[in-house]
Structure formats: structure tokens, C-alpha cells
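Colleague: So that we are looking at the same thing, I have put the structure below in C-alpha cells.
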Number of protein chains: 2
Amino acid sequence: MAIRTLNAKTAGELDAELMDSGGFSLDQLMELAGLSVSQAVYKLHPPSKGDRVLVACGPGNNGGDGLVAARHLHHFGYTPTIYYPKQGKAELYKRLVTQLQSLDVKFAEDFHSALKNTDYLVDAIFGFSFSGEVREPFPSVIKALRDTKIPVLSVDAPSSWHIEIGPPEEGPGQGFQPEALISLTAPKPLVKHFKGRHFLGGRFLSKQMAQKYSLDIPPYPGCDQIVEVDVQGQKL
Amino acid sequence: MAIRTLNAKTAGELDAELMDSGGFSLDQLMELAGLSVSQAVYKLHPPSKGDRVLVACGPGNNGGDGLVAARHLHHFGYTPTIYYPKQGKAELYKRLVTQLQSLDVKFAEDFHSALKNTDYLVDAIFGFSFSGEVREPFPSVIKALRDTKIPVLSVDAPSSWHIEIGPPEEGPGQGFQPEALISLTAPKPLVKHFKGRHFLGGRFLSKQMAQKYSLDIPPYPGCDQIVEVDVQGQKL
């Protein structure tokens, strides 16, 4: 039995339901999502393998997850650097930046220079609400993520992939296959085109919500915030 | 070198600073605090030893930490029950209750009946802002926590203990020594009178803040949100 996926529309509806009748704030959901991203980094690439992590953040909630993850990575003993060229205007994003500044986490102006000094990459540019066009300055960043030999963990979607259709047939993301993907709450349909290691994160869904959205969430181990699954969504 | 402690006043100042210039919301801090409480429960008493956990919550932020912990305990495979007789009026507390209700977590009307059907206890009644008198209906609850053979984990302080002075010389908490204590952010001065297993939680303090408040925080292992320390605050 394969895990069922959330398309862009239902993923948005599920988040809205969690924050409406579910009682969650975006602060809480993003904290748990970002923490799960940081735990996936720890599992894939512990600090002993190189502690420099470059986190590329987009302007929306995917970027916010990246900012939270970077804060936790700092506390786990990494040296994160943030690339955040289009900073989200919501108050929460500003506070996440303040938190990182309090930890003396560096913000890089130029992605390509920062890429020369990193051991690991987190792609938190676009998430499930992405559609259409990759706007400046992200085309060259996505090309670099595609072409680098440094391993990349993508958050919820390899950036520039269409959430339902998967990898783009042209443009900067053509041929982009990150080493790893963490799907938040549940995988998106694009997962069937993904060939790397796959994690689930976001351990906060009730059984009722999972049923309502026809999701088949595998059990998470112990008190982890992540579970590794195959590309069919089965627990490994 | 012993860990330095935070008295009630400086603990309040530190929290205020985290939320003011530090950029944190109470939602975020409470999420991480509650998660660390749930991880301590997991370490002390994994679900295989008995999955029923009764979480006694007070009306303030200590109770809020307990509510967050209970939600995570549910996801870790426990069956938590909440005793929350004086529900905090802040919107956050109401949302935490909604989250638990969405998971079908039970709220007990009577602590003493609930105590008959539990394997583990979390004392989240009073935290660092407690002073003075134990008001109804908590005196008999604290007496029961003192007298039961079921193990108790206290959050930040054994409830009814004076934050600086420690165990009360009279009243319901006289002689109360929980099996375990999790100190949030840093131990409080009462810790020198505590004889059980001791954890630190709340992995979000910058080195600068730790220095400013003269705290000597030991390193947390891996990506854990808790670290076990001795009563002098040294890592075990």
C-alpha cells in the first residue's frame, strides 16, 4: 500500500485546517517542520562529515522552514549560512531572521561564493505552493544546486519542480535530482519522479486528519520528528 | 564548575529578552519546552513500560508546557490524560487544548480517579513564577504526587517548592521529592535540594545569552532536545 500524496490544493487546505479548527499557529507548525528538516540533515550528514551547511531560503513558508532548520542546525553543532535574497515580509519571517542573527549566523549576499565554502546544502526555496516561473535571482541558484557535487536536501519539493507533474522539461531545474527530499506532513505527487533518499517530517497530524485526507502515514520511530521512507512512502 | 542557576526574577527576565530582542514568540518557546519534556518522559519511561501518562497542568506557562508535552507524547505512542482544572485564559492555552481535543486526548475531571489508571505522571502545575500559596484544587493533587508510588517528572520545579529555597517546610508539598526533574533553559536554585534524575531542556539559548546570565550550559547530545545532568548541572 503506497502512501497517498497531497497535491498543492489539498496541501494548502490541510494547512489551513490545522491552523483553523486544529488550533495550530504558523509559528508552531513551522517550528516542528523546520526541526524535522534539521533532524534529516543530522541523519544524512552529521556534523563530523563537515559542519558547514548552506541553507537557500525562498520568500514564502518553505524559506521559513529553512530558517527554523538553520537555527536548530546551529544548536546541533553545525555552522549554517543562510542565503535569503527575497526576505518574506510577514512578522514571523523577520523574527526568524532576528533569532539567527542572535546566534551570529551568517547571511550570504552571493549564493555562488557561499557555495564554495559549504559541505552540505538545504534547498528551501520553493514548496508546495510553487507554480510556474522561477523568478530572479533563483534561476542561477537552482542551476547551481543541480550542477554541484555537494549533496542537497530539498524541503517538500526539489525547487522548480511542478508539485503534481515533477521535474521541469526546460529551464534551470531541468535534470535537478537532489540527493534527498523531506516531505512535510505528506509527500506531494512529484515524489514518484524522485530518486534519492526520502524522509517524512511534521509529526503532528491526527489519525482523523490523515483519514480525511486519505493519507497513509507510516509510524515514526521513538521520539524522532522524521521517518525515512522509500519513494512509495513505505517505511524503510 | 557547577552550572549556574536562574532565580525567579532572572528566569523571567531571560524569557522576556528571548521574546523581545530575541525574536521568539511564546508559541515557539513553549513548543520547544514541551517537546523537551516529552523527550525526557520517553527517556525515563518509554511507552513499553506503560503508555498511560497523566499530565497535571497548572494555569500558567508551566501548564502550557505540559499541554505541549502531552501532544507530543500522544504522537510518540503514549495515551496521555490531562488534568487541567484551572484553564489559562490566554488564546495560546485554548489552542493547545483544541490541539489535544483533535487527537481525542482525554481531560480528567478528577485527579484522584485518573491517578488510579496511569503508569507515569508529569507535574506541570507550577513553574518558576510560583510563590507563596498553593490554591485549590491543587493542595490535594500535590499531596497525591508526593505520596504516590507512580514515578513523577516535574517540569522546572517540583510544584509547591520555593524557586530559591526549595522544599516547603509545611503544607501539601512537604517531603515531595519527584523521581525526576527537567529544568527548562537552566536549573533554578531549588535544584540543590533535589535528589532524583535531572535533565535540562530548551535548546535555544545563544552563547551570548548564556554568558550574559552567567549560565554554564553543558552540550546537548546529537539532535536531542534534552541532556541529562547531575544535580550540580554537570553532564552525566
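Colleague: Would you mind telling me the antiparallel percentage of the DSSP bridges in chain A, rounded to 5?
Modeller: 20
Colleague: Run the accessible area of segment A:8-229 with a 1.4 Å probe and give the carbon-and-sulfur part as a rounded percent.
Modeller: Here carbon and sulfur together make up 50 percent of the probe-accessible area.
Colleague: Right, something else. If the cut-off is 20 Å between C-alpha atoms, which lysines fall inside it for B:Lys89, apart from same-chain ones fewer than 8 positions away?
Modeller: B:Lys106
Colleague: Where the centre of each part is set by its Cα atoms, how far does segment A:156-206 sit from segment B:53-116, in angstrom?
Modeller: 36
Colleague: Take peptides B:207-217, A:46-56 and line them up by average Cβ neighbours within 10 Å, highest first, as a rough protection proxy.
Modeller: Top to bottom by mean Cβ count within 10 Å: A:46-56, B:207-217.
Colleague: Hey, what's the protein assembly as shown come to in accessible area per residue, 1.4 Å probe, Å²?
Modeller: That works out to 40 Å² per residue.
Colleague: Please work out the ratio of the alpha-carbon Rg of the protein assembly as shown to 2.2 N^0.38 Å and round it to two decimals.
Modeller: Normalised by 2.2 N^0.38 Å, the Cα Rg of the protein assembly as shown equals 0.98.
Colleague: Moving to a separate point now. Once you keep just the Cα pairs under 8 angstrom separated by 6 or more residues, what percentage relative contact order results for chain B?
Modeller: Answer for chain B is 22 percent.
Colleague: How large is ³J(HN,Hα) for each residue in segment B:80-87, as worked out from phi by the Karplus curve 6.51 cos²θ - 1.76 cosθ + 1.60 (θ = phi - 60°), to whole Hz, x for Gly and Pro?
Modeller: Calculated HN-Hα couplings, in order: x, 10, 10, 10, 9, x, 10, 6 Hz.
Colleague: Also: Given H placed on each backbone N at 1.01 Å, which residues far from A:Phe107 in sequence or on other chains put an amide H within less than 5 Å of it?
Modeller: A:Ile82
Colleague: Let me ask something else about it. Using the Karplus curve 6.51 cos²θ - 1.76 cosθ + 1.60 with θ = phi - 60°, work out ³J(HN,Hα) for each residue of segment A:169-181 in order, rounded to whole Hz, and write x for Gly and Pro.
Modeller: So the J values, rounded to whole Hz, are 7, 8, x, x, x, 4, x, 6, 10, x, 5, 8, 9.
Colleague: I need the inter-copy label distances for B:Arg135: point set 7 Å along Cα to C-beta, values in nm with one decimal, smallest first.
Modeller: Label-point distances to the other copies, shortest first: 5.2 nm.
Colleague: How about B:Lys149: which aspartates and glutamates have a C-alpha closer than 15 Å to its C-alpha, ignoring those fewer than 8 places off in the same chain?
Modeller: Reachable aspartates and glutamates: B:Asp119, B:Asp123, B:Glu179.
Colleague: Can you give the average number of partner chain beta-carbon atoms within 10 Å of each beta-carbon in peptide B:17-28, as a whole number?
Modeller: Per-residue shielding by partner chains comes out at 5.
Colleague: Measuring from label point to label point, each 7 Å out along Cα→Cβ, what is the B:Ser129 to B:Ser48 span in nm?
Modeller: Result: 4.1 nm between the two label points.
Colleague: 7 Å along Cα→Cβ for the label point: how many nanometres lie between A:Gln208 and each equivalent label in the other copies, listed shortest first?
Modeller: Reported distances to equivalent positions: 4.5 nm.
Colleague: What does the structure give for B:97-105 when I average, per residue, the other chain Cβ atoms found within 10 Å of the residue Cβ?
Modeller: The shielding value for this peptide is 4.
Colleague: Given 10 °C and 1.306 mPa s, how large is the Stokes-Einstein diffusion coefficient of chain A in µm²/s, with Rh as the Kirkwood radius over Cα pairs?
Modeller: Answer, rounded: 91 µm²/s.
Colleague: Using amide H atoms built 1.01 Å from N in the peptide plane, name the residues 5+ places from B:Gln174, or on other chains, whose amide H lies under 5 Å from its own.
Modeller: Answer set, sorted by chain and number: none.
Colleague: State the antiparallel share, in %, of DSSP beta bridges confined to the protein assembly as shown, rounding to the nearest 5.
Modeller: Just about 20 percent of them are antiparallel.
Colleague: Using a 7 Å offset from the Cα along the Cα-to-Cβ direction at both B:Thr148 and A:Met19, what is the distance between the two label points in nm, to one decimal?
Modeller: That separation, rounded to one decimal, is 3.8 nm.
Colleague: Taking amide hydrogens as modeled 1.01 Å from N in the peptide plane, which residues meet the under 5 Å criterion relative to A:Val134, leaving out close sequence neighbours?
Modeller: Residues meeting the amide H criterion: none.
Colleague: I need the inter-copy label distances for A:Lys49: point set 7 Å along Cα to C-beta, values in nm with one decimal, smallest first.
Modeller: Output for A:Lys49: 3.3 nm, nearest copy listed first.
Colleague: Give, ordered by residue number, each residue of segment A:30-47 whose 1.4 Å probe accessible area is reduced by a minimum of 30 Å² on adding the remaining protein chains to the chain alone.
Modeller: A:Glu31, A:Leu32, A:Leu35, A:Gln39, A:Tyr42
Colleague: Per-residue mean of other chain beta-carbon atoms within 10 angstrom of the beta-carbon, peptide B:175-183?
Modeller: Rounded to a whole number, the mean comes out at 0.
Colleague: Let me ask something additional. Given a 1.4 Å probe and no ligands, DNA or RNA in the count, how much accessible surface is buried by B and A, both sides, to the nearest 100 Å²?
Modeller: Between B and A, the summed buried area is about 2700 Å².
Colleague: With all protein chains present, calculate the accessible area of A:Cys223 using a 1.4 Å probe and round the result to the nearest 10 Å².
Modeller: 30
The values are calculated or read from the model by the stated rules, or taken from the named source; none is laboratory data. Since the model is a prediction, treat every value here as computed from it, not as a measurement. Using ideal geometry, Cβ is built from the backbone for each residue, glycine included, and neighbour counts are taken over all protein chains shown. Calculation scope for accessible area: heavy atoms of the full protein, side chains included, ligands and nucleic acids excluded. Shrake-Rupley method; radii C 1.70, N 1.55, O 1.52, S 1.80 Å.
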